[in-house]
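Only the coordinates and a few stated rules stand behind these numbers; no lab work does. The model shown is predicted, which means the values in this text are computed figures rather than measured ones. Using ideal geometry, Cβ is built from the backbone for each residue, glycine included, and neighbour counts are taken over all protein chains shown.
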Amino acid sequence: MPGFVLHHFACQVDLFRLPDAPMSESRMGSSYYAPDGTFDANKQPVYALFYTDYPERMYQCEAVIGNHLLLESSKETHLLHRQTVAQAYELPDNGKVVFPFPNMGVLQTGQYLLRYSVYNSKSQQLLAKCFGRPFTISTVNRFPGLQPTTGMTQSLATLKIPGMGIRH
């Protein structure tokens, strides 16, 4: 049985830049957050302000990576090339739901993190939100080369998703 599109579910990605070096020491203009032992409605840990050099102000903390605070206002999604929203597909072999982003790229070198937000596209209700793993965009001289196509990508290629290709 072939996989099919789940028309009412979509995933949007946002891009956050990470510092080139870990931020482990206090420095002027820094805020440090620590988990307070509770979880929000999405089962994500709640972080409380531990220390700050900044005056009190309103902002939304999206995540903490080491001592680096990711603010909603610090996202750099404009650096993503191609689509930032993907339709849901069900894999035919195991029934898992995936959101493929074929040919997406980042336009500047550096360390980054993607945030994935899944919505019911009919009601615009946020269903889930999570972060991927940190990754590096290298210069041409330092690019390590393309990795072989994964089994997951080969499985997605059978669904005839536009832009989804495999390397032989």
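Side notes on the structure shown:
- Residues E62, E90, E72, arranged from fewest to most other Cβ atoms within 10 angstrom of their Cβ, appear as E72, E90, E62.
- Projecting label points 7 angstrom from Cα along Cα→Cβ for Q108 and M152 puts them 2.7 nm apart.
- Long-range HN-HN contacts of L6 with modeled amide H, under 5 Å: A88, Y89, E90
- Local charge for V118 was computed over the other residues whose Cβ lies under 15 Å away, with Lys and Arg +1 and Asp and Glu -1, and equals +3.
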